[in-house]
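The block underneath contains the structure these notes are about, expressed in structure tokens.
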Amino acid sequence: MLSVEKIAKSYSSNGWRGPGRHLVLKEVSLECRPGECVGIIGASGSGKSTLGRLILGLEQPDAGSVRIDGEELGRRSRRGAVSAVFQDYRSSIHPFFTVRQALQEALGGSRRSGDSKRGSSRKLETALEQVGLDVSYLERYPHELSGGQAQRIGLARALLTGARWIVLDEAVSSLDAPVQVQVLELLREARGTYGTGYLFITHDLEAAAYLCDRIAVLHEGRIIETIETERLGELRTPYARELLDKFRLGHALVPRQHAAITKEERG
Amino acid sequence: MKRISRLLSDRLALLSLAVLAAIAAAGMLAPWLAPHPPDEVNMALRYGPWSLHYPLGNDQLGRCVLSRILYGIRPSVLLVLAAVLASVLIGAAVGMAAGYAGGRTDALLMRLCDVMLSFPGYVMTLAVIGVLGVGLQNILLAFILMKWAWFARIVRSSVRQIADADYVRFARTLGTGSLAILFRHILPVCVPELAVVASSSFGSTLLQVSGLSFLGLGIQAPQAEWGMMLSEARQSMFSRPELMLAPGLMIVLTVSAVNFLSDAMQQAVDPQAGSSKRHQPERAEAALIGREVA
């Protein structure tokens with residue numbers, strides 16, 4: 001179980017009134033079971049990406065902790081526990097690395113993984129096939145990839161780390177709609193194959209409802225509501241209702257295949 | 001290896017490399033290659049024309065121009081190159097430390113850079129010469145003192161930008177150490193920009209050293225140096241313009257070769273700069289979508 005316990009984070013700010021601290025997260029608690037997908041939804045500035053960075057150990061919290069099976073992660077490496085797919089596909093792969101080098105880095109080299117050269121090469125090929133790309137992509141550089149392809153490589157890389165949970169920080173937000181659908185499908189498939197849990201950070205309720213089992217609504221640094229995706233229509237807090245209304249309006253204007261909402265509308 | 005072969009496949013880069021290697025070798029082997037001692041005065045041969053014994057002729061004191069050009073390589077090229085390399089190395093180290101550590105370390109190192117950069121270049125050089133005395137070594141020391149801060153600023157801003165990139169964040173989630181991140185993920189991406197700035201700095205330093213030699217603050221007569229040869233030839237610029245040709249052309253040739261080589265290095269290091277059109281992401285994406293829809 002991945003659990004975030006009463007985590008708080010603030011940043012120093014220098015306003016005209018002098019130096020102060022801007023509180024971004026206020027005692028946020030969250031749990032994600034192995035293989036579960038939890039959506040963290042909120043507007044820009046609500047603190048959702050900060051929460052992702054804290055879970056990944058890229059920043060240290062002011063208070064609270066991130067635990068896996070009760071053990072605090074602290075400043076330890078997250079390898080094997082938590083990995084990530086980030087939003088900006090243009091900067092998500094080292095610009096001077098080929099896809100092979102980027103994936104090899106995630107695998108950790110033969111010394112760490114204990115694989116022979118051929119064995120690790122086979123692993124890379126399998127990971128690429130898993131995300132719908134052929135082996136010819138191994139020798140490509142990031143600038144030779146489209147956004148969707150780069151995000152697929154990002155997912156393959158996260159899966160290769162053997163992480164039990166993957167933080168998807170706005171992982172589909174910068175992609176075109178058709179490519180978004182492809183990547184979401186792929187995330188579903190990978191979850192089915194590897195049993196990986198996801199923390200899906202997004203501002204897009206539709207994408208979250210498509211992929212997640214539960215959705216936590218983050219507003220002004222607090223989780224104001226957590227709900228099962230099937231019961232999305234039962235959101236109570238005004239801000240969460242507002243998000244849902246916007247989503248319904250968008251869904252009415254641009255109808256898309258959507259399992260969870262179809263179910264909710266039927267109900 | 002791929003980068004080196006990419007560099008060697010560029011003809012202009014190969015030619016520049018060959019020119020620079022030849023100049024460096026000639027500078028080191030000057031005592032054996034030069035037909036005459038560089039400071040051998042022979043007033044009978046004053047403004048002598050090109051001949052078999054004096055292939056580039058003689059200057060206003062009858063000295064062999066070719067010998068002076070060959071001996072001038074050491075202070076003009078090799079020592080300037082060493083000074084530029086030293087300032088790049090110091091600047092890169094300080095810039096990387098400031099950019100990656102951020103916070104107080106960054107603030108402290110950058111204020112130090114601000115102090116160094118707030119002195120006008122020539123004033124700083126004159127101050128160093130005033131304290132340590134005239135001479136090429138002191139001029140180069142002054143250049144290192146001045147220019148490292150400039151390189152540090154450039155490297156620091158690149159590092160700040162790159163350290164926030166998602167691929168660096170991913171490496172950190174893997175538990176990669178700071179040094180490995182700096183040398184494997186950040187420094188190589190800074191190199192192309194740094195190479196361009198360093199090569200232009202090499203050209204300007206070479207010209208500045210020549211200028212200071214002209215003022216009598218650098219190389220002292222009768223030692224040979226290209227800038228000083230140019231300024232000596234200036235006295236007879238209208239009656240004997242050919243005396244300016246040899247040192248002038250050597251400066252142009254060296255600076256051009258360094259610039260061409262740095263451009264080629266930039267392309268060799270950065271796969272995007274030397275990108276072929278073999279992969280078209282948009283087309284590939286369209287094909288992929290088409291295939292999946294079908």
One residue from B:72, B:91, B:57 being under 22 Å from residue B:195 (Cα atoms), in contact with a helix residue (DSSP H, G or I) (Cβ under 9 Å, 6 or more places away or on another chain) and modelled with pLDDT of 85 or more: B:91
Leading residue by the ranking (modelled with the lowest pLDDT) among those in region A:188-211 that are open to solvent by 40 Å² or more (accessible area, probe 1.4 Å) and touching a Leu at 6+ places or on another chain (Cβ under 7 Å): A:194
Selected residue [open to solvent by less than 10 Å² (accessible area, probe 1.4 Å) and under 18 Å from the mean Cα position of the chain (by Cα)] from A:91, A:83: A:83
Residue A:175 being more than 19 Å from residue A:46 (Cβ to Cβ), touching a Leu at 6+ places or on another chain (Cβ under 6 Å) and either basic (Lys, Arg) or within 14 Å of chain B (Cβ to nearest Cβ) (or both): no
Single match in B:163, B:198 (criterion: of a type in the set (Gly, Ala, Ser), within 14 Å of chain A (Cβ to nearest Cβ) and touching a helix residue (DSSP H, G or I) at 6+ places or on another chain (Cβ under 7 Å)): B:163
Some residue of region A:138-160 being within 30 Å of residue A:209 (Cα to Cα), among the charged types (D, E, K, R) and under 24 Å from the mean Cα position of the chain (by Cα): yes
Members of region B:38-70 found to be open to solvent by 60 Å² or more (accessible area, probe 1.4 Å), touching a strand residue (DSSP E or B) at 6+ places or on another chain (Cβ under 9 Å) and more than 15 Å from residue B:246 (Cα to Cα), listed by number: B:40, B:46, B:53
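A quick yes/no check of all residues on (1) open to solvent by less than 60 Å² (accessible area, probe 1.4 Å); (2) within 22 Å of residue B:172 (Cβ to Cβ):
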position	(1), (2)
A:2	yes, yes
A:8	yes, yes
A:12	no, yes
A:28	yes, yes
A:33	no, no
A:54	yes, yes
A:65	yes, yes
A:68	yes, yes
A:73	yes, yes
Filter pass, residue A:167 being of a type in the set (A, V, I, L, M), at pLDDT 90 or above and surrounded by 18 or more Cβ atoms within 10 Å (Cβ to Cβ): yes
Any hit, region B:59-66, residues being within 30 Å of residue B:221 (Cβ to Cβ) and in a helix (DSSP H, G or I): yes
Within region A:79-130, helices (runs of 4 or more DSSP H) holding 1 or more residues that are more than 14 Å from chain B (Cβ to nearest Cβ) and modelled with pLDDT of 85 or more: A:117-130
For residue B:253: the one exception among (1) open to solvent by less than 60 Å² (accessible area, probe 1.4 Å); (2) modelled with pLDDT of 90 or more; (3) more than 30 Å from residue B:105 (Cβ to Cβ): (1)
Any chance residue A:154 is of a type outside the set (Lys, Arg), open to solvent by less than 10 Å² (accessible area, probe 1.4 Å) and either in contact with a His (Cβ under 7 Å, 6 or more places away or on another chain) or within 30 Å of residue A:66 (Cα to Cα) (or both): yes
Matching residues in region B:71-87 - criterion: being open to solvent by 20 Å² or more (accessible area, probe 1.4 Å) and of a type in the set (A, V, I, L, M, F, W, C): B:78, B:79, B:81, B:82, B:85, B:86
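Among B:183, B:170, which is among the aromatic types (Phe, Trp, Tyr), part of a helix (DSSP H, G or I), open to solvent by 30 Å² or more (accessible area, probe 1.4 Å) and more than 18 Å from residue B:255 (Cα to Cα)? So that I can check it myself, show each step before the final result.
Working: B:170 fails: open to solvent by 30 Å² or more (accessible area, probe 1.4 Å).
Of B:183, B:170, the one residue that is among the aromatic types (Phe, Trp, Tyr), part of a helix (DSSP H, G or I), open to solvent by 30 Å² or more (accessible area, probe 1.4 Å) and more than 18 Å from residue B:255 (Cα to Cα) is B:183.
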Any chance residue B:159 is open to solvent by less than 20 Å² (accessible area, probe 1.4 Å) and at pLDDT 90 or above: yes
Odd one out for residue A:167, checked against (1) over 16 Å from residue A:106 (Cβ atoms); (2) not in a helix (DSSP H, G or I): (1)
Any hit, region B:202-215, residues being within 13 Å of chain A (Cβ to nearest Cβ), open to solvent by less than 20 Å² (accessible area, probe 1.4 Å) and under 25 Å from residue B:97 (Cα atoms): no
Residues that are open to solvent by 20 Å² or more (accessible area, probe 1.4 Å) and under 15 Å from the mean Cα position of the chain (by Cα), drawn from region A:170-187: A:173, A:174, A:180, A:185
Test: residue in region B:92-109 that is touching a residue at least 60 places away in the same chain (Cβ under 8 Å), among the aromatic types (Phe, Trp, Tyr) and open to solvent by less than 30 Å² (accessible area, probe 1.4 Å): no
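The values are calculated or read from the model by the stated rules, or taken from the named source; none is laboratory data. Computed from a prediction, not measured in an experiment: that's the story for all the values here. For neighbour counting, all protein chains shown are included, and Cβ atoms are generated from backbone atoms with ideal geometry for every residue, glycine included. Calculation scope for accessible area: heavy atoms of the full protein, side chains included, ligands and nucleic acids excluded. Shrake-Rupley method; radii C 1.70, N 1.55, O 1.52, S 1.80 Å.
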